[in-house]
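Engineer: Just dropping this structure here.
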């Protein structure tokens, strides 16, 4: 197989490139981190430094490819709509056009953030009704991006499968555990609901497994959407404790009432909006994620994709800690 990987310098993309290279596939990788791109070249990938919304560059990169793995996205709980639209909607449009021109399969990485609506929800199915309003610009534009994929499937016969992995972590993670570590002070981690919120997470290697399965079965499953998780929900407190233990840090949770966290988030967002200071330390969405239970059903992925989470959460945390200690970037 010859594959194009967008967002190849991010956590998911880099892990996918490493797997494809190990399996002997030909790889074209795109991204904006030139230093990381050089490391992908060392694996045997062709690296193209390009913006995801550059339709010409992406079409050229996809030439001769069998599969386009679209990992690139702007993922953040905070930011203006236009920047998310440029990356997530226009970027997906470019990936769709590139796949169509190359007559390639598209494996599109979306997000379960589109399900979130500030209430407890368990075992969410891919086709359950979505909230009337999306929680932030990230979720809004990722849902719009899915619509671009769906349109290309129905109108132009694109072979495409959409995956919605929850809370990816592992080597090259710059989001989940780094955010928790940044919020901690001397091992004290602020937690809403005493950290007793039930959540799903996904080892990056399991998500890579799902992407390869989606590529293999896209002909039969085109247009379908699949939740991807480790299949074993955990308490947020236990996940963080496990991470701290593996990293070698003391974990001392500090409980914060949800109304206090939500109110503080509103103030931080207002200050960030007025003074343009970048992403606030806490957003209303982040506070909600800390407060409300949310788990996903992966029944469809198991039955239709043949997906089985091979790496446990404990093993994935240990792998992350091992990578972190190695100092590799």
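The values are calculated or read from the model by the stated rules, or taken from the named source; none is laboratory data. As the structure is a computational prediction, the values presented were derived from the model and not from experiment. Glycine gets a Cβ as well: all are built from the backbone with ideal geometry, and neighbour counts include every protein chain shown.
Engineer: Within region 1-33, can you find the residues that are in contact (Cβ under 8 Å) with a residue 40 or more places away in the chain, touching a helix residue (DSSP H, G or I) at 6+ places or on another chain (Cβ under 8 Å) and not in a helix (DSSP H, G or I)?
Structural biologist: Once the filter is applied, which keeps residues that are in contact (Cβ under 8 Å) with a residue 40 or more places away in the chain, touching a helix residue (DSSP H, G or I) at 6+ places or on another chain (Cβ under 8 Å) and not in a helix (DSSP H, G or I), region 1-33 yields 1, 3, 4, 5, 6, 7, 8, 30, 31.
Engineer: When the residues of region 65-84 are narrowed to those that are touching a strand residue (DSSP E or B) at 6+ places or on another chain (Cβ under 8 Å) and part of a loop (DSSP other than H, G, I, E, B), which ends up surrounded by the most Cβ atoms within 10 Å (Cβ to Cβ)?
Structural biologist: 72
Engineer: Scan region 47-64 for residues that are farther than 16 Å from residue 103 by Cα, in contact with a helix residue (DSSP H, G or I) (Cβ under 8 Å, 6 or more places away or on another chain) and outside any loop (DSSP other than H, G, I, E, B) and report the count.
Structural biologist: Qualifying residue count, region 47-64: 3.
Engineer: Within the set of pairs 6+ apart or on separate chains, which have a first residue in region 214-230 that is on the phi < 0 side of the Ramachandran plot and in contact (Cβ under 8 Å) with a residue 40 or more places away in the chain, a second that is assigned to a strand (DSSP E or B) and surrounded by fewer than 20 Cβ atoms within 10 Å (Cβ to Cβ), and C-beta atoms under 7 Å apart?
Structural biologist: Close Cβ pairs (under 7 Å, with a partner that is assigned to a strand (DSSP E or B) and surrounded by fewer than 20 Cβ atoms within 10 Å (Cβ to Cβ)) do not exist here.
Engineer: Out of all the residues in region 159-171, which are touching a strand residue (DSSP E or B) at 6+ places or on another chain (Cβ under 6 Å), assigned to a loop (DSSP other than H, G, I, E, B) and at negative phi?
Structural biologist: Listed by number, the residues that qualify are 159, 166.
Engineer: Working only within region 253-300, note down all residues that are assigned to a loop (DSSP other than H, G, I, E, B) and at pLDDT 90 or above.
Structural biologist: 257, 283, 292, 293, 297, 298
Engineer: Another question about this same structure. Given the condition assigned to a helix (DSSP H, G or I), surrounded by fewer than 20 Cβ atoms within 10 Å (Cβ to Cβ) and either in contact (Cβ under 8 Å) with a residue 24 or more places away in the chain or touching a strand residue (DSSP E or B) at 6+ places or on another chain (Cβ under 7 Å) (or both), answer yes or no: does some residue in region 197-204 qualify?
Structural biologist: Checked against the condition, which is being assigned to a helix (DSSP H, G or I), surrounded by fewer than 20 Cβ atoms within 10 Å (Cβ to Cβ) and either in contact (Cβ under 8 Å) with a residue 24 or more places away in the chain or touching a strand residue (DSSP E or B) at 6+ places or on another chain (Cβ under 7 Å) (or both), region 197-204 yields no hits at all.
Engineer: Which one of the conditions (1) assigned to a helix (DSSP H, G or I); (2) under 25 Å from residue 66 (Cβ atoms) does residue 107 fail to meet, given that it meets all the rest?
Structural biologist: Residue 107 satisfies every listed condition except (1).
Engineer: Restricting to region 266-279, and then to whatever is closer than 18 Å to residue 135 by Cα and free of Cβ contacts under 8 Å to residues at least 40 places away in the same chain, can you tell me which residue is surrounded by the most Cβ atoms within 10 Å (Cβ to Cβ)?
Structural biologist: In this case the residue turns out to be 268.
Engineer: Could you tell me whether residue 36 is over 17 Å from the mean Cα position of the chain (by Cα), assigned to a helix (DSSP H, G or I), over 21 Å from residue 324 (Cα atoms) and in contact (Cβ under 8 Å) with a residue 24 or more places away in the chain?
Structural biologist: Spelling it out, it is not the case that residue 36 is over 17 Å from the mean Cα position of the chain (by Cα), assigned to a helix (DSSP H, G or I), over 21 Å from residue 324 (Cα atoms) and in contact (Cβ under 8 Å) with a residue 24 or more places away in the chain.
Engineer: Any residue at all in region 48-62 that's within 24 Å of residue 168 (Cα to Cα) and modelled with pLDDT of 95 or more?
Structural biologist: no
Engineer: If you go through region 40-54, how many residues are surrounded by fewer than 18 Cβ atoms within 10 Å (Cβ to Cβ) and under 26 Å from residue 85 (Cβ atoms)?
Structural biologist: Qualifying residue count for the region: 3.
Engineer: Looking at (1) out of contact with any strand residue (DSSP E or B) (no Cβ under 8 Å at 6 or more places or on another chain); (2) surrounded by 19 or more Cβ atoms within 10 Å (Cβ to Cβ); (3) assigned to a loop (DSSP other than H, G, I, E, B), can you tell me which one residue 174 breaks?
Structural biologist: Going through the list (1) out of contact with any strand residue (DSSP E or B) (no Cβ under 8 Å at 6 or more places or on another chain); (2) surrounded by 19 or more Cβ atoms within 10 Å (Cβ to Cβ); (3) assigned to a loop (DSSP other than H, G, I, E, B), residue 174 breaks only (2).
Engineer: Still on this model: Among the residues of region 227-252, which ones are more than 17 Å from residue 196 (Cα to Cα), at pLDDT 95 or above and assigned to a loop (DSSP other than H, G, I, E, B)?
Structural biologist: Matches in region 227-252: 229, 230, 231.
Engineer: Right, next: Quick check on residue 315: is it in a helix (DSSP H, G or I), surrounded by fewer than 18 Cβ atoms within 10 Å (Cβ to Cβ) and in contact with a strand residue (DSSP E or B) (Cβ under 9 Å, 6 or more places away or on another chain)?
Structural biologist: Against the criterion (in a helix (DSSP H, G or I), surrounded by fewer than 18 Cβ atoms within 10 Å (Cβ to Cβ) and in contact with a strand residue (DSSP E or B) (Cβ under 9 Å, 6 or more places away or on another chain)), residue 315 qualifies.
Engineer: For region 253-265, how many residues meet the condition of being without any contact (Cβ under 8 Å) to a residue 40 or more places away in the chain and either more than 14 Å from residue 288 (Cβ to Cβ) or exposed (fewer than 15 other Cβ atoms within 10 Å of the Cβ) (or both)?
Structural biologist: 3
Engineer: Residues in region 132-158 that are within 20 Å of the chain's Cα centre (by Cα) and assigned to a loop (DSSP other than H, G, I, E, B): how many?
Structural biologist: Of the residues in that region, 3 qualify.
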